[in-house]
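Structure, as structure tokens:
Read-outs: derived from the displayed coordinates by stated rules, not from any lab. A quick note: this is a predicted structure, and the numbers were derived from the prediction, not measured. Every residue, glycine among them, receives a Cβ derived from its backbone with ideal geometry; neighbour counts consider all protein chains shown.
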Amino acid sequence: MLAQFSVVYPTENTLRTALRGAALYKLSWFDAHLWAYADERGLDPLWSEDFEDGRLYGRVRVLDPFRLAVHERSPGYSRARVAR
């Protein structure tokens with residue numbers, strides 16, 4: 001895997017950006033880190049189901065990869081289907 005993907009280490013700027021994102025957008029520390037990397041490196045869009053779909057966080061637009069994956073409504077459970 002190391003031959004295929006480069007390892008990205010946080011810089012002081014990454015940490016400062018993550019702290020700003022956590023405070024400004026009320027992100028968890030892990031989500032703030034992910035967003036900080038995307039913001040620093042100009043990665044747009046950021047694909048994640050953990051953020052608000054379509055929202056612009058600074059310079060990074062977030063898209064939910066599963067938003068269009070479900071095109072059918074769940075049938076739900078009616079009382080007739082529930083075994084007693």
Residue ID - surrounded by the fewest Cβ atoms within 10 Å (Cβ to Cβ), chosen from residues in the range 29-64 that are small (Gly, Ala, Ser) and touching a residue at least 12 places away in the same chain (Cβ under 8 Å): GLY42
Single condition PHE66 does not satisfy, out of (1) in contact with a Leu (Cβ under 6 Å, 6 or more places away or on another chain); (2) in a loop (DSSP other than H, G, I, E, B): (1)
Going through (1) in a loop (DSSP other than H, G, I, E, B); (2) surrounded by fewer than 18 Cβ atoms within 10 Å (Cβ to Cβ); (3) in contact with a strand residue (DSSP E or B) (Cβ under 9 Å, 6 or more places away or on another chain) one by one, LEU2 fails only at (3)
